Amino acid sequence: MSPVRYHLGKFPPFELEWQKLIPLIGPANAALGRYDAFLTAIPNKHVLLSPLIAQEAVLSSKIEGTHVTIGEVFEYEAGSSSMPETKRGDAEEVLNYRKAMLNCVAELQNRTFSQHILRSAHSILMQGVRGKDKTPGSYRTEQNWIGERNSTIDTASFIPISPEQLQPAMDNWEQYVNDTSQPDVLVQLAIIHLEFEALHPFKDGNGRLGRMIIPLILFQRGLLQSPDFYMSGYFEANRDEYIERMRIVSRDNDWTQWCVFFLKGIRTQADENEEKARKILELYNKIKIAVPVSTHSQHAIKAVDFIFRFPIFTTPQFITGSGIPKPTATRIVNVLADRGFISPLREGKGRRAGIFAFGELLAITEGENLFVSHP
């Protein structure tokens, strides 16, 4: 199989088969609207959706080859020192994704999406992890390619645009991103995402950044009140088709079928995201009633909010992060463990703090309880 080369001169597409897209646009927009309406009604959204943001980062990094679960990420964040070095590096990548996302959201409060925001996000994404030596925040100056591990340019699956043509292409891409005259935002977003992946402007981190762009554009263009939308689950579940549909655009100039795939993904993922968010809200409503009854503390809701934001934690982190006085916080952790709200992942010993997990929340986030306990 010979490599597919970038579709020079064919972006944005001259025409699309709208008769194939129109039946999908309405359902995709409707599903996205229902999801956004549900999010708008959620109290403490930044608390309740925190695990979903982390899970999106996990799945997006997984597509790029990392092998870490959301439980392991939270465990690393809680200070686990016995995690293998490879897992620690993967966890750092996930945490960087979350930082980059939050930074972009802050930037978009005051300006439109730009290459400056993109490069800033890339710098954060690459900070202190593999790829940190690959000019974070700067476009590549060498030809890259996409393929199996250890592939060469001759055996690659796809060859992006040449470095000499990259900057004008990125300027063209940025102009299209901010073009508000396009017939439909979701179709435009499908094309934005595809083009970024095809340009592959950085030496590393392109896939994660390209998927991050999706919720950011939905947020910027007003389809979502906050950029809490997660597409990596759909792309991971349909990985082979995801990659092949992108290759077909460059090989056959078939943008329509890519847009069909993307619109189906928006609808599917909106429904799945809403279901997860609904389950998290139901759990929150249940726990915020049960914990005050068990702890008899005026600080119970602070405790509930903390374990939803940090489903794996140590007692010192709970004391510092919850804002509850130390003696009361220590007692509440003990009560939560005794009553089964949280479970010990690692027993405290000497100066080493124990690590606790809120397994019921992690089970919802991952679909099953996949976090790993390290002795």
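FYI, it's all coordinate maths here, none of it is from the lab. Because the structure is a prediction, the values reported are computed rather than measured. Glycine also receives a Cβ, built like all others from the backbone with ideal geometry; neighbour counts cover every protein chain displayed.
Points worth noting:
- Relative contact order of the range 276-366, taken over Cα pairs closer than 8 Å and 6 or more residues apart, is 30 percent.
- When each of C104, C259 is scored by the number of other beta-carbon atoms lying within 10 Å, the sequence from fewest to most is C104, C259.
- Among N172, N96, N206, residue whose mean-square fluctuation peaks in a GNM of the chain (springs only between Cα atoms under 10 Å): N172
- Residues of the range 256-284 falling in the label zone of R339, defined by backbone nitrogen less than 15 Å from a point 7 Å along Cα to beta-carbon, are 284.
- Checking every one of the GluC sites (Glu not before Pro) in the range 91-146 against DSSP loop status and a limit of 12 other Cβ atoms within 10 Å picks out E142.
- Here the gap between L102 and E17, fully extended at 0.36 nm per residue and compared with their Cα-Cα distance, gives a gain of 27.0 nm.
- Calculated over the range 243-348: convex hull of Cα atoms, volume per residue (Å³): 146
- In plain terms, the chain from D271 to R352 could stretch by 24.9 nm, reckoned as 0.36 nm per residue minus the Cα-Cα distance.
- From the C-alpha gyration tensor of the range 34-193, square roots of 5λ in Å: 28, 26, 15
- Cut-off 15 Å between beta-carbons: net charge of the residues surrounding N178, Lys and Arg +1, Asp and Glu -1: -3
- Distance between the modelled labels on T180 and S114, one decimal in nanometres: 1.7 nm (7 Å Cα→Cβ projection).
- Normalised by the number of residues in the chain, the mean separation of alpha-carbon contacts (under 8 Å, six or more apart) gives a relative contact order of 25 percent.
- Among the listed pairs K20/K264; K45/K286; K99/K286, a Cα-Cα separation exceeding 20 Å is found for K99/K286.
- Annotation for the range 292-363: trypsin sites (Lys or Arg not before Pro) lying in DSSP loop with at most 16 further Cβ atoms inside 10 Å of their Cβ are R339, R351.
- When each of K302/K349; K87/K288; K279/K302; K203/K276 is checked by Cα-Cα distance, pairs over 30 Å: K87/K288; K203/K276
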